[in-house]
Amino acid sequence: MAFDSLSEKLQNVFKNLRGKGRLSEADVATALKEVKMALLEADVNFKVVKNFIKSVQERAVGQDVMSSLTPGQMVIKIVNEEMVNLMGSETTEISFKPGNEITVIMMCGLQGAGKTTTTAKLAGKFKSKGKKPLLAACDIYRPAAIEQLQINGDKQGVPVFTMGDKHKPVNIAKAAIEHASKNNYNVVILDTAGRLHIDEDMMNELIEIKENVNVHQTILIVDSMTGQDAVNVAEMFNNKIGIDGVILTKLDGDTRGGAALSIRAVTGKPILYVGMGEKLSDLEQFYPDRMASRILGMGDILTLIDKAQIDFDEDKARQLEKKIKKAEFDFNDFLEQMQQIKKMGGIGDILKMMPGGMGGGLKDTEIDENALSGIEAIIYSMTKAERANPDIINPSRKKRIAKGAGVDISEVNKLVKQFEQMKKMMKQFSGMMGGKGAKRGRFKLPFGF
């Protein structure tokens, strides 16, 4: 999970601070020394760490902190605020030309960073905001790059402009913009070629495109798992061609987080989005304050709500509440709620975004995400009648369901028993709430999360 290693180290530091009634300068110095080591081990740029610790220390040894009734909490608050400042303070949106004027966005980066997939993810984001994007296949070198863009574009419902691999990228870019103008597309995203490393030919090709095409935004894609190398790549691209922002990919697999904490400070350019998975929907807007909370183990409830609301259907929520009140909740409803949890990233991801550190101490091995798949297999082995009316599931039916799901009959018995208990609890809870839990516009997470 993202930042797990860094979060664990920082939370241990803060646990010691919270346990002290009063803090001395020596206490603060000791804590910040541990914070410094944690950041360096997370591959955060050395100069960035040095300036960060200096800023925190100057604020943390002030009279307001030392005389506070909760000095430990005050220090944590300062660390949080400085971390937000480090990553940019405010969320930066990609800017568009007004009305139907065409906005041209050039995507660039090294090979293997996930540039082509991210390009399609971004096009999907723009489409959902009411834009009419056109993808332009300007990578004529990597085998299957054009085909990959076409496949992903098709999945997102976004057209791809291509001229094959026999034309210069700059000419493809020009033709794509002309095609967009004639067909009322208002965003053109250029998927340029990556290289295994930064070289002059690569940079010159990007410079040639910018000299001949009115590029409004140049966005760099970097692999967050490369840590300090990602920061170096961002700095070099910015110096050579000029970039307007960065998208960090593979952040879900980066337990350190050095790139996320260093890029803004080193390049002066904002992180726009972060890739949090392989699915085309796994691209999150970058919020510095939310990311700081996540790193410090304070949860990220706003992102959790954003994730859920993508698939939230108010009519279905009202129908579900009526079913619960009438004790008509069945295995079909149960299955639908499970699938919504999976879309949100799984139980582990949900817990780690909850405030209060609900998932802070959990290891990946402690959260058996496969349990959901096992439950799904059992439910899918039921007939439509059994799912709609669990009361008819007798011992012979349980035996058949267990065989179909490839599990022991005890697993089926366990699920049916848990389902009945949950059904009763949900009905009781609904009664206590007086039916007021799903007013129009109110938001509910699945299973009360």
Which ³J(HN,Hα) values, rounded to whole Hz and listed in residue order, are derived for the stretch 395-411 from phi using the Karplus coefficients 6.51, -1.76 and 1.60 in 6.51 cos²θ - 1.76 cosθ + 1.60 with θ = phi - 60°, glycine and proline given as x?
x, 5, 5, 4, 4, 5, 4, 4, 5, x, 8, x, 10, 6, 4, 4, 5
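How much of the calculated P(r) for the stretch 81-213 lies past 17 Å, in percent of all Cα pairs? Before the final figure, lay out the partial values.
On the way: 5199 of 8778 pairs.
It works out to 59 percent of all Cα pairs.
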At 1.4 Å probe size, with every protein chain present, just tell me what the per residue accessible area of the stretch 74-158 comes to in Å².
41 Å²
Rounded to the nearest 0.05, FRET efficiency between ALA26 and THR91 (Cβ-Cβ, R0 45 Å) equals 0.75
Counting sequence-distant residues (5 or more places) and residues on other chains, those with an amide H built under 5 Å from that of GLY227 are ALA259
Going by accessible area, probe 1.4 Å, with all protein chains left in place, what is the ranking of ASP330, ASP199, ASP229, largest first?
ASP229, ASP199, ASP330
Determine how large the accessible area of GLU90 is when every protein chain is in place; take a 1.4 Å probe and give Å² rounded to the nearest 10.
140 Å²
Above 18 Å lies some portion of the pair distances; for the stretch 47-153, what is it as a whole percent of all C-alpha pairs?
66 percent
Would you mind checking which residues have amide H under 5 Å from PHE161's amide H? H placed 1.01 Å from N; only 5 or more apart, or other chain.
LEU135, ALA136, ALA137
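For the stretch 30-109, with all protein chains present and a 1.4 Å probe, just round the carbon and sulfur fraction of the accessible area to a whole percent.
Values: 2050 of 4030 Å².
About 51 percent, which is the carbon plus sulfur part of the accessible surface.
Please give the FRET efficiency for LYS33 paired with ASN239, using the beta carbon to beta carbon distance and R0 = 25 Å, rounded to the nearest 0.05.
With R0 = 25 Å, the Cβ-Cβ based efficiency is 0.15.
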Can you list residues from other chains, or at least 5 along the same chain, whose modelled amide H is less than 5 Å from the amide H of VAL188?
THR103, VAL104, ILE105, LEU134
Heavy-atom surface of the stretch 209-300, accessible at 1.4 Å and reported per residue (Å²):
33 Å²
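For the stretch 1-106, what is the convex hull volume of its Cα atoms per residue in Å³?
Details: hull volume 16.2 nm³, N = 106.
Value for the stretch 1-106: 153 Å³ per residue.
The values are calculated or read from the model by the stated rules, or taken from the named source; none is laboratory data. Treat the numbers as computed from the prediction; the structure is a model and nothing was measured. Virtual Cβ from ideal backbone geometry, glycine too; neighbours counted across all protein chains shown. Side chains included, ligands, DNA and RNA excluded: accessible areas come from the protein's heavy atoms. Shrake-Rupley method; radii C 1.70, N 1.55, O 1.52, S 1.80 Å.
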